[in-house]
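J.: The structure under discussion is supplied below as structure tokens; questions concerning it will follow.
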Amino acid sequence: MVLTKGETQLSGDRRIFIRQLLNCILLALVAWGVFGTALGMGVASAAEEHEHIKLRTGLLPITGDNNPVAQAERQVIALFRAKFPWIEPVSATGLQLPGGQTMDMVPFMQIAGDMAPDLMYVNFRQSQTYISMKLLYPLDEYVEAAAKVHPADGSALTTEQYRKMLEKGAGWPELSKRLAEQTWEVMRRACPYGQDCPYRQKLGQAPLAKHWHVFTFPVQPLVIAMVYDKGLIAEYAKQGVKLRTPQNWDELIRWAKIMTNPPFEYGMAWATNMASWQFLSFLYSAGGYVVKQDDNGDWRCVIDSDEAAEAAWFYARLRLEKVVRGGRTYRGVVVNEENIDPSIRFAYSYTYLDSQFFSQAGDLSSKGVGAVPAGPTGLSRSEFNARMVGIFSGLRDNPQRRDAAWDYAWFYDGPEARKIRMEYMVEMGMGRFVRPEILRDFNVDGRYDDVIRQIPKELNETYRIAMQGGVPEPYGKNCQYIYFELNKPLGEIIQNPEIIAAVDAGDKVRGKAVIRGILKRSQESINQRLLGILPPKVQKQRQIVSWVVIAAVTLIFVWVFKRVYRTFRPPEGIEAGAWQFGKYRFAYILLLPAILTIGMWMYWPLAKGTLIAFQDYSVLGDSQWVGSSQFASVLFDAEFWHSMWLSLLYALMYMFFGFWVPIALAFLLVEVPRGKAFFRTIYYLPAVLSGAVVIFLWRSFYNGDGLINQVINGPIVAINAIFGTHLQMVHQDWLNNPAAALLCVLLPTIWVGMGPGCLIYLAALKTVPDEIYEAADLDGAGIWSKVFRIAIPSIKALVMINFIGAMIGAVRGSSAFVLAMTGGGPYNEAGGATEVIGLHIFYVTFGYLKFGTGAAMAWVLGAMLIGFTVVQLQRLSQLEFKTAKT
């Protein structure tokens, strides 16, 4: 096609320009191909140089969590995989336990099961336990390399000296962004090995009794802030409530009382099962502490103080002061925020703010954030926390996996990761949730100036105040239990009649005096039970009692073995035969697998457990002999006896509600004229279902809208409709009701077990000759006479044997359903409402890695149950088994 000059034919200059442009594009594609190939070869060669590592860590977003922060985390992990292709982070979160104990227990269970995380999440209150159990590898070499310093003997320096040494390194500016002032006392601690430290030996350093290591590293500092509901506060503005958080305690309780209008409006939301967590903000603002170290480095509880009494008095006022609305009197301004009805509003609550995002503060269009109210000291102080990570000490001889764990920990909170998170939040229109300092670090050419201006000033100011007044969460010995222990005196305070009267009368002096007595008793209990601080006289008494009990347990078992031997030996006058291996060799061969199996899985663990009961046993080795101290701690452990009582109660309820059910069903099946096969199938069907199905089915029955409440609400609806009444509907969560939870976990066990038990008793009833029933009919016997005079006496031996076995099984084997349904909860001041002894021993042994204590508990439990076993064996020895005649 020929084009004229006036048409679209390209001029010479334009043709040259397009040819040059195409050449540039071609060169760029070639260059990119060469670069990409080289980059790919570099990555591939780097991956080939390293062994592929599946790094187990808890620092991964939860599957299915699609909030912006989780999405940003996934982008961070994707970049890490691109940079370190030989390292594959995989989740190590494990199972989720009902009852809220997952964080504290699951890592220990994973260690016990030889599947420990490589990079462990270590919260403050667990840290001393991890360190004392020697579960963490020192991070000194990695921290020093990050700071670019190379000290000759860093572990010999005090923390202050060590920090000053790191500040001289070229890498300190980046380290300083990650290490808040409060983290140092938590992350660097005294070495539990003392002068036998293997890490100093590995470096060729001289033994040193007192030295320190960095055991944990923070990846996300957290502080506490108070959140307020703008809409609710605006409705009460005319009554003097201002649109901000209260500045002091007086404002808090005054405004909270104004906005409390039950049942739909409350001044504060509080997790009553974790009341101690919120209480710490008041305790710290009053100038008090929970635990402190003395001059010898030993941890002691210090809540018996004027500061703690002041905070507890204010807590009592929040929970007990009267509020009159509509002619009715209510107590307290607090609503339980756990499982709260969406229709209920509350003015104030607590939340965490992390070091990068304010996203946990919620929707800032309807919520505001401020510092916690200042106490009598004039200070606003609250908990400082951080997501801390540590490397599992089991990687001591695996440097590749250990280095991979550190690479991930360092990258996770590094500049590249911070930039990815910040950019994603900005792109998602949530830049106002990013801390201004993070935005300014990457604010090239002012691109984020508008975003920075959108951030509410109160957020950054709240974070600054909270960091300035942040007190590290208790991190001393056994402090993972500290919230549970503090709940006990707090629960006692709000139930004490004298304190209630003092609050009503406004008698602060009298109220604080009673509170001080409660705190004093609680301090003594915490020092003894958690921190192991006992007067020498008490220690000696407990040791004596423990040895007496050990001797008694030993004598009991010796007596049992002798009794069993006498029971089953041949009668007098009958000589026992020889082994006669030649004659009965095939019988012995058949018995051998069973004997070996029983010996391996029953008697070997029994013998090993006996030794462990006298040791401070460690799964990593280095177990220490401790004599009778494990038994001493068990015998004086209130939680152990609480669980024993629950197990006894559980067993009694099982015998009362469940043991006779299979027997009754068997009698009904004998008497039913037709459809026996159908009814047998119906009775046995629950036993065919898997345990998981049974658990989820019954848990759905017990929830607020479950079958149990529907059955109860049916008559209520009918009564309201017929009589025009307004009876309240029942929405009880039965598994979270301490009074009903134990019975609720028992019922599925009865339901599942009644079918197999019924068939056993039905088979026994079939052995009763029909002639006896016919003779009874001729004598005019009725149904009840035949049941109680013929049937039950005929199967009496079977009933007695099963009775004893059921009693033992109910005490020992009741933990499986309890673990799956409630996890031992709900928990209150006394302990878990369903934490039966089997579950308690499981938690102590595998949940807290206290194998010695668990073994001692098992021996004490065994000594209590051995009497039932003797009776059962004696019954068996008196039975004569015969082949049934057709």
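J.: How many residues, within the stretch 627-647, are open to solvent by 50 Å² or more (accessible area, probe 1.4 Å), under 20 Å from ASN527 (Cβ atoms) and over 22 Å from the mean Cα position of the chain (by Cα)?
T.: Of the residues in that region, 2 qualify.
J.: Of everything in the stretch 461-497, what is farther than 27 Å from LEU530 by Cβ and either open to solvent by less than 40 Å² (accessible area, probe 1.4 Å) or acidic (Asp, Glu) (or both)? Give them in sequence order.
T.: Residues satisfying the conditions are GLU461, THR462, TYR463, ALA466.
J.: To continue, here is another question. If you check GLU423 against the conditions, is it of a type in the set (D, E, K, R) and without any contact (Cβ under 8 Å) to a residue 40 or more places away in the chain?
T.: Against the criterion (of a type in the set (D, E, K, R) and without any contact (Cβ under 8 Å) to a residue 40 or more places away in the chain), GLU423 qualifies.
J.: Given the conditions (1) within 23 Å of SER647 (Cα to Cα); (2) out of contact with any Pro (no Cβ under 6 Å at 6 or more places or on another chain); (3) part of a loop (DSSP other than H, G, I, E, B), and given that PRO738 satisfies all but one, which numbered condition is not satisfied?
T.: All conditions pass for PRO738, except number (2).
For (1) among the hydroxyl-bearing types (Ser, Thr, Tyr); (2) surrounded by 15 or more Cβ atoms within 10 Å (Cβ to Cβ), each residue gets a yes or a no:
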| position | (1), (2) |
| --- | --- |
| SER522 | yes, yes |
| ARG529 | no, yes |
| PRO535 | no, no |
| ARG585 | no, no |
| LEU590 | no, no |
| PRO593 | no, no |
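J.: If you go through the stretch 250-279 one residue at a time, how many are assigned to a helix (DSSP H, G or I) and under 21 Å from PRO489 (Cα atoms)?
T.: So the count comes out to 8.
J.: Can you tell which of TRP255, TRP277 is among the aromatic types (Phe, Trp, Tyr), open to solvent by less than 20 Å² (accessible area, probe 1.4 Å) and either out of contact with any Leu (no Cβ under 8 Å at 6 or more places or on another chain) or free of Cβ contacts under 8 Å to residues at least 60 places away in the same chain (or both)?
T.: None of the others qualify; the one that does is TRP255.
J.: Are any residues in the stretch 287-311 open to solvent by 10 Å² or more (accessible area, probe 1.4 Å) and of a type outside the set (Asp, Glu), and if so, which ones?
T.: Hits for the stretch 287-311 are GLY287, TYR289, VAL291, LYS292, GLN293, ASN296, GLY297, TRP299, ARG300, VAL302, SER305.
J.: Checking PHE314 against (1) open to solvent by 10 Å² or more (accessible area, probe 1.4 Å); (2) touching a residue at least 24 places away in the same chain (Cβ under 8 Å); (3) in a helix (DSSP H, G or I), which single condition isn't satisfied?
T.: Here PHE314 meets the rest and fails (1).
J.: Name the residues in the stretch 104-149 that are within 27 Å of ALA206 (Cβ to Cβ), in a loop (DSSP other than H, G, I, E, B) and either out of contact with any Gly (no Cβ under 6 Å at 6 or more places or on another chain) or polar (S, T, N, Q) (or both), would you? Talk me through it step by step, then tell me what you get.
T.: First, the residues of the stretch 104-149 that are within 27 Å of ALA206 (Cβ to Cβ): 128, 130-149.
Add one more test, that the residue is in a loop (DSSP other than H, G, I, E, B), and what stays is 133-135, 138-139, 148-149.
Result: MET133, LYS134, LEU135, PRO138, LEU139.
J.: Quick check on my filter: what residues within the stretch 336-350 are at negative phi and open to solvent by 20 Å² or more (accessible area, probe 1.4 Å)?
T.: Within the stretch 336-350, ASN336, GLU337, GLU338, ILE340, ASP341, PRO342, SER343, ILE344, ARG345, PHE346, TYR350 qualify.
J.: For the stretch 399-442, please list each of the helices (runs of 4 or more DSSP H) lying entirely inside it that holds at least 2 residues being touching a strand residue (DSSP E or B) at 6+ places or on another chain (Cβ under 9 Å). Give the steps one after another, and end with the answer.
T.: Values: elements: 399-412, 415-427, 436-441.
Passing ranges, in order: 399-412, 415-427.
J.: Here's a follow-up. Starting from residues that are among the hydrophobic types (A, V, I, L, M, F, W, C) and over 22 Å from VAL694 (Cβ atoms), keep the ones in the stretch 748-771 and report whichever is most open to solvent (accessible area, probe 1.4 Å).
T.: ALA763
J.: Which of the residues that make up the stretch 62-81 are open to solvent by less than 70 Å² (accessible area, probe 1.4 Å) and in contact with a helix residue (DSSP H, G or I) (Cβ under 8 Å, 6 or more places away or on another chain)? Before you say what the answer is, go through the steps one by one.
T.: First, pick out the residues of the stretch 62-81 that are open to solvent by less than 70 Å² (accessible area, probe 1.4 Å): 64-65, 67-73, 76-80.
Those that are open to solvent by less than 70 Å² (accessible area, probe 1.4 Å) and in contact with a helix residue (DSSP H, G or I) (Cβ under 8 Å, 6 or more places away or on another chain): ASN67, PRO68, VAL69, GLN71, ALA72, GLU73, VAL76, LEU79, PHE80.
J.: Assess whether GLY714 counts as being out of contact with any Asp or Glu (no Cβ under 9 Å at 6 or more places or on another chain), without any contact (Cβ under 8 Å) to a residue 24 or more places away in the chain and not hydrophobic (A, V, I, L, M, F, W, C).
T.: Yes.
J.: For the stretch 369-389, how many residues meet the condition of being of a type in the set (Ser, Thr, Tyr) and in a strand (DSSP E or B)?
T.: The number of residues fulfilling the criteria is 1.
J.: Could you give every pair whose Cβ atoms fall below 6 Å, whose first residue belongs to the stretch 840-861 and is under 13 Å from MET109 (Cβ atoms), and whose second residue is outside any helix (DSSP H, G or I), counting only separations of at least 6 or pairs across chains?
T.: The qualifying pairs are VAL844/LYS850; PHE851/TYR617.
J.: Here's something else I'd like to know. Can you tell me how many residues in the stretch 494-520 are at pLDDT 95 or above, within 16 Å of GLY332 (Cβ to Cβ) and of a type in the set (Val, Ile, Thr)?
T.: 3
J.: Given the stretch 521-624, what helices (runs of 4 or more DSSP H) lie entirely inside it while holding 1 or more residues that are among the polar types (S, T, N, Q) and either modelled with pLDDT under 80 or in contact with a Cys (Cβ under 6 Å, 6 or more places away or on another chain) (or both)?
T.: Numbers: elements: 536-568, 585-598, 604-612.
Filter on the stretch 521-624 gives 536-568.
J.: In the stretch 625-659, what residues are in a helix (DSSP H, G or I), of a type in the set (Ser, Thr, Tyr) and closer than 16 Å to ALA858 by Cα?
T.: Correct list: SER629, SER633, SER643, SER647.
J.: Now for a different question. Of (1) in contact with a Ser or Thr (Cβ under 8 Å, 6 or more places away or on another chain); (2) outside any loop (DSSP other than H, G, I, E, B); (3) modelled with pLDDT under 85, ALA884 satisfies all except one. Which?
T.: (2)
J.: Taking the stretch 674-727 as the region of interest, how many residues are open to solvent by less than 50 Å² (accessible area, probe 1.4 Å) and of a type in the set (Phe, Trp, Tyr)?
T.: 4
J.: Going by the structure shown, is LYS477 modelled with pLDDT of 90 or more and either in a loop (DSSP other than H, G, I, E, B) or within 17 Å of LEU79 (Cβ to Cβ) (or both)?
T.: It is false that LYS477 is modelled with pLDDT of 90 or more and either in a loop (DSSP other than H, G, I, E, B) or within 17 Å of LEU79 (Cβ to Cβ) (or both).
The values are calculated or read from the model by the stated rules, or taken from the named source; none is laboratory data. Just so we're clear, the structure is a prediction, and the values are computed from it rather than from any experiment. Note that we place each Cβ from the backbone using ideal geometry, even for glycine, and neighbour counts take in every protein chain shown. Please note that ligands, DNA and RNA were not included when accessible areas were found on the heavy atoms of the full protein model with its side chains. Shrake-Rupley method; radii C 1.70, N 1.55, O 1.52, S 1.80 Å.
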